[in-house]
Amino acid sequence: MKIKLKLCQKSKKSGFTLLETIIAIGITCLTCMMIFSTLQIVWKINANETKNDRLQWEQFRSVIESSNLDFKYVRVDNENNELILYSDAMDDFYELDLYKQQIRMRRKIDGYMPLLYNVQKVEWRYNENRKSIFISIRIHGREYSEEYIMDRKK
């Protein structure tokens, strides 16, 4: 009689039901989709940031190389982190300096014009032998540098 009772009892196994499995797979898929979407947004923001930084750098270069201003090197003031240039065309001195994470160009009598934003570091060096100025700038952790042939103001 004991044998019959054992056969009639339903065996209970521990595990997931089909519904629980489908719900778990659905939640996992939604989580993966959210993570992938977030990563895509971050990649796009980083790509746009890089493009904007590059565009700012090219605009900065065009100002320095501008024939309308025709800059001549005067000096580098390392104490104030300034580059002082003289414009033959405008017959005036211009100062480029790092102020509150922006490179700004200013004259003594006027205000200033921001040339670059989000600048973390700038380095100006003049090479007397080559008559060139080397400018290195870090924006959002990326280095941009250029060497310009520029005579010294006499």
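The values are calculated or read from the model by the stated rules, or taken from the named source; none is laboratory data. These figures come from a predicted structure and were not determined experimentally. Heads up, the Cβs are rebuilt from the backbone with ideal geometry, glycines too, and the neighbour counts pull from every protein chain shown.
Miscellaneous remarks
- Within the range 53-68, the set of residues being surrounded by 15 or more Cβ atoms within 10 Å (Cβ to Cβ) and polar (S, T, N, Q) comprises Q56 only.
- Scanning the range 17-41 for residues that are assigned to a helix (DSSP H, G or I) and at pLDDT below 90 yields L18, L19, E20, T21.
- Restricting S62, S14 to those that are free of Cβ contacts under 8 Å to residues at least 12 places away in the same chain, outside any helix (DSSP H, G or I) and of a type outside the set (D, E, K, R) reduces the list to S14.
- If the condition is being farther than 23 Å from S67 by Cβ and touching a helix residue (DSSP H, G or I) at 6+ places or on another chain (Cβ under 9 Å), then the range 120-154 contributes I139, H140, R142.
- Only one of D77, D97, D70, D88 that is touching a Lys or Arg at 6+ places or on another chain (Cβ under 9 Å) and under 19 Å from L115 (Cα atoms): D97
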